[in-house]
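The values are calculated or read from the model by the stated rules, or taken from the named source; none is laboratory data. Just so we're clear, the structure is a prediction, and the values are computed from it rather than from any experiment. Note: ideal-geometry Cβ built from the backbone for every residue, glycine included; neighbour counts use all protein chains shown.
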């Protein structure tokens, strides 16, 4: 399987195939509105604005960590629009761990395990970088700010 074989429901309820992003690098992030790392939305938007011709940031809200994403799709969209003026794709809430893990995150965790080979995501704002040819490149911890991984993002453009 490749990253392009996966589909997800966007925040507006439309099924989208990741194949529509072929040719661009991807930064896939599990997000939350009420997390200490939530200000990273600003950094994600800056990176997206700077490289949107070569990069897509795909945000997947998740309520599995401290119940920090309690809202519905409208609440999440409103929060992102009003607070951070995000323009990158937002998707419906997903689970990233456990038996209901979204298939995309099962794939990402198997391709890019965490510390000591862990297949779990530890917290919100874990980031996965996929190069422009669809190859999983690197996994980043929640504490890694988007601006701190900019050099890796630039290297992911083929």
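Regarding the stretch 10-24, can at least one residue be identified that is at pLDDT 95 or above, outside any loop (DSSP other than H, G, I, E, B) and under 13 Å from the mean Cα position of the chain (by Cα)?
yes
Hey, among the residues in the stretch 110-126 that are touching a strand residue (DSSP E or B) at 6+ places or on another chain (Cβ under 8 Å) and over 16 Å from residue 18 (Cβ atoms), which one's surrounded by the fewest Cβ atoms within 10 Å (Cβ to Cβ)?
Applying the first criterion (touching a strand residue (DSSP E or B) at 6+ places or on another chain (Cβ under 8 Å)) to the stretch 110-126 yields 111-114, 121, 124-126.
Going one step further and asking which of them are over 16 Å from residue 18 (Cβ atoms), we end up with 113-114, 121, 124-126.
Values: 113: 13, 114: 15, 121: 24, 124: 26, 125: 28, 126: 26.
Ranking the candidates gives 113 first.
Checking residue 71 against (1) surrounded by fewer than 20 Cβ atoms within 10 Å (Cβ to Cβ); (2) modelled with pLDDT of 95 or more, only one condition comes out false. Which one?
(2)
With the requirement that a residue be in contact with a strand residue (DSSP E or B) (Cβ under 9 Å, 6 or more places away or on another chain), assigned to a loop (DSSP other than H, G, I, E, B) and under 16 Å from residue 104 (Cβ atoms), what does the stretch 127-149 give you?
Hit for the stretch 127-149 is 134, nothing else.
Quick one: is residue 49 surrounded by fewer than 20 Cβ atoms within 10 Å (Cβ to Cβ), at pLDDT 95 or above and not in a loop (DSSP other than H, G, I, E, B)?
yes
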